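Engineer: Attaching a single structure in C-alpha cells format; questions to follow.
The values are calculated or read from the model by the stated rules, or taken from the named source; none is laboratory data. Note that this is a predicted model, so its numbers are computed, not measured. Neighbour counts run over all protein chains shown; Cβ positions are idealised from the backbone, glycine included.
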Amino acid sequence: MDASSRVQHRSHRITPHQGDSAHMNVKTSATGGRPFVRLASIAAAVLLAGLLSGPGSAADEGTKAAPFAYDCPVPNGNVRVTVDVGAAFPASGAVGEPVQPDLVTVTVGISRADIEALLPAGSAAASSTVTLAVGVAQHDRTAEATWQSLAAPSTPLPADGEVQLVHSGQVPSVTVGAPGDVVFRAGTLTLGLRADTEATQNDGAEPTSLTCDLTADQDGRLATVPVPGGADTTPTGTPATGEPAEKGVREGISVEPGAVPAETADHCPIAPAVGEMDWSEAPEPPAGDPLSELDVPTGGLAGCAYAVGIANVRKLNGAMIINDPSRQPALISVAANKHIGQRKVTAKGGYYIRISSLGNLKLPDAESTFLTFGFQPVSAKVEFENGPLTISTGNIGVGAGVVYFSVASFMQSLRLHDVKVNGVPLDVGPNCRTSKPFKVVLRGERPFYTDVFSGGLLSGEIDVPSFSGCGTGSEDLSPLFTASISGPGNLVTMNQGKTCVPAQTNTFCPPTMPVIPGTEAPKG
C-alpha cells in the first residue's frame, strides 16, 4: 500500500460475525430487593447484555433476560440469591448438528449474612459448586440438559455486603432433529457450599446443600437458537417410524456430554499474559454507590489474538505497518475479563460497568521508508518496547441514554536501528531510542470495537518524545531524528482480530488474522 496515505479509523466498518455474538454475565446482588447489577460480554464471563453483540444476532436476543432471583428454603426460613447465567450460544444451529453452549458461567450472589449462617463460624473463604437444570424446548418437544457440578474457586468472604461465587465448566450439547427455534431456560439450581480451609478440605464432610427455585415472576429464559428449515435439512426419520433422522438424530432433542477441546495449547503458543493493569484511561464513574472493584477469581480467560495496524508519522507525511501480516506477525497474549469495576449511578440511573483485560504483545520490528525533507529516502527498522496492555470496555447508564466505551492503553518506547540514507547505512548505534517511555491510548466506538473477544478497530494519536542515544563517537544524530519524527498528532489505528480461548470450544480458535486498517472493506 502507499505508505504516505493517511489512514482514517472510520474508513471501513468491521462488524463481528453474527455467529460470534453471545453473552456471559457476572452478578452482584444482595438479599432483600436491592436492584440487580448485570455484567455481560460476548463469548466470555462479564459485560452488560447487549453491549458487545453484533447487530441482529439471535443469540444476542436470547440472552437479554434480567438476572434471575431464586428462593432457597432452609430449616429456619428462606435464603434469596440472585443468579446470572452466562454462555456463548451460537447465533443459529442446524438439524443434526450439536448446539454447544460455551464459556459458561453461573454466578450466584448471596448476602454475607446468609452465607455466614450456612458455614462454620469464623469462615474466611468459601468454595462452591452448582448444578443447574436447563430446560430445552422446540415446538412441543422438551428435554432437560443438566449443567452439572460447575465449580467456583476459593472466594474470600467480605466483612459485610455480598458474596459473588463465579462457577464455570463444560456443559452438555443439544442436538435437534427438526427445524425450528430451540429455547433454553434455567430451572432448579442446586448450590453446594463449604468453608475453604485446610481443615474442612480434609475432613471428608459433605458440603452444605441448597436447592433453589426461580421466584414466581421469573421465566428463566437464557437464549433462543434458530434452526433453519429447508429440503436439505429435513430429517429423514420421525418418531412414528422409529428410524433415525439425519446424523442419527430423531425428530426430537438429544442431549450429549459437553465436548472437551483437544490440543488446545497449540492455538496460543505464547506465555500467559502477566503484569499490572492500568484502567485509568477508562471514563471515571459518575457519583453513586461505593465503587466495587473485583479481580475475577479465575484470573480471567487465557487466550490470544492477532492485531495489525498503521502508524502515521505526521512530520514525514508517511506511515508504517505494525505487525505486518506478511512478516511473521506476533500474537497478543490475553487474560480476558480479568477485572471488574462497577457502581450504581444515582444521577444518570443504571450502572457504571468497566471490564478490563490484560495483554502482552512483543511486536516484530516494523520496516519503512520515508522521504525526509521531501526528497531524501531514509529507511529504518523500528523496535517496539511495550509494557502490559490494558483493554477496558463498559458502559454508563441504561436504556436509550447508555454511553459505551472501549479503550486500550500501554506504555511504549521506540528504538531505531538499521538506518539507511539513500541506500547507504547510517550508524546510529545500539541505543537510538525515545528519551522516555510514552503512553499509547487507543479508543474504539461501537460497532467498530465492542469487546476483547470480537475485536475490531481502535485508534488514537500519540506524542512521540525526543530521541536520545543516536549516533556513534562524537556525532550526535539525536536532534536529527527528533526534528524528523518527534511531536504530537501521529495517528495509530489497530485492527484486533477475534480472541481465541483455547480452554473453551467454539471460541474463534485458531486465531485469525484481521485486515490492515483501511485496506479492505468487510465482505458480506
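Engineer: Could you grab me the full set of residues in the stretch 409-430 that are surrounded by fewer than 19 Cβ atoms within 10 Å (Cβ to Cβ) and of a type in the set (Phe, Trp, Tyr)?
Structural biologist: Those that are surrounded by fewer than 19 Cβ atoms within 10 Å (Cβ to Cβ) and of a type in the set (Phe, Trp, Tyr): none in the stretch 409-430.
Engineer: When you look at Ser149, is it in the same structural domain as Thr224 (by TED's automatic domain parsing) and without any contact (Cβ under 8 Å) to a residue 24 or more places away in the chain, yes or no?
Structural biologist: Criteria met by Ser149.
Engineer: If you check Val227 against the conditions, is it modelled with pLDDT of 80 or more, of a type in the set (A, V, I, L, M, F, W, C) and outside the structural domain of Gly161 (by TED's automatic domain parsing)?
Structural biologist: no
Engineer: Looking at Leu316, Leu331, Leu294, which is the one that is touching a residue at least 40 places away in the same chain (Cβ under 8 Å), closer than 27 Å to Gly350 by Cβ and not acidic (Asp, Glu)?
Structural biologist: Just one listed residue meets the conditions, Leu294.
Engineer: Let me ask something else. Could we say that Ser474 is among the polar types (S, T, N, Q) and either surrounded by fewer than 16 Cβ atoms within 10 Å (Cβ to Cβ) or assigned to a strand (DSSP E or B) (or both) here?
Structural biologist: yes
Engineer: Provide a single number: the residues in the stretch 206-218 that are surrounded by 12 or more Cβ atoms within 10 Å (Cβ to Cβ) and either modelled with pLDDT under 90 or among the small types (Gly, Ala, Ser) (or both).
Structural biologist: So the count comes out to 4.
Engineer: Shifting gears a bit: Give the residue, chosen from Lys436, Lys381, that is modelled with pLDDT of 90 or more and either assigned by TED's automatic domain parsing to the domain that holds Phe467 or at positive phi (or both).
Structural biologist: Just one listed residue meets the conditions, Lys436.
Engineer: If only one of Pro272, Pro244, Pro283, Pro235 is more than 26 Å from Ala152 (Cβ to Cβ), modelled with pLDDT of 80 or more and part of a loop (DSSP other than H, G, I, E, B), which one is it?
Structural biologist: Checking each option against the conditions leaves just Pro283.
Engineer: Considering only the stretch 477-511, how many residues are assigned to a loop (DSSP other than H, G, I, E, B), at pLDDT 85 or above and either touching a Leu at 6+ places or on another chain (Cβ under 8 Å) or crowded, with 22+ Cβ neighbours inside 10 Å (or both)?
Structural biologist: Within the stretch 477-511, residues that are assigned to a loop (DSSP other than H, G, I, E, B), at pLDDT 85 or above and either touching a Leu at 6+ places or on another chain (Cβ under 8 Å) or crowded, with 22+ Cβ neighbours inside 10 Å (or both) number 5.
Engineer: Report yes if Val171 is buried (at least 17 other Cβ atoms within 10 Å of the Cβ) and outside any loop (DSSP other than H, G, I, E, B), otherwise no.
Structural biologist: No: the conditions fail for Val171.
Engineer: Across the stretch 403-424, what is the number of residues that are modelled with pLDDT under 90 and either under 27 Å from the mean Cα position of the chain (by Cα) or of a type in the set (Phe, Trp, Tyr) (or both)?
Structural biologist: Number satisfying all stated conditions: 2.
Engineer: Then there is this: Might you check whether a residue that is surrounded by fewer than 16 Cβ atoms within 10 Å (Cβ to Cβ), at pLDDT below 85 and outside any strand (DSSP E or B) occurs anywhere in the stretch 300-307?
Structural biologist: No.
Engineer: Can you name the number of the only condition in (1) under 21 Å from Lys381 (Cβ atoms); (2) modelled with pLDDT of 90 or more; (3) surrounded by fewer than 16 Cβ atoms within 10 Å (Cβ to Cβ) that Val464 fails?
Structural biologist: Status for Val464: all satisfied but (3).
Engineer: Can Asp203 be described as farther than 17 Å from Val106 by Cα, at pLDDT below 90 and surrounded by 19 or more Cβ atoms within 10 Å (Cβ to Cβ)?
Structural biologist: The answer is no for Asp203.
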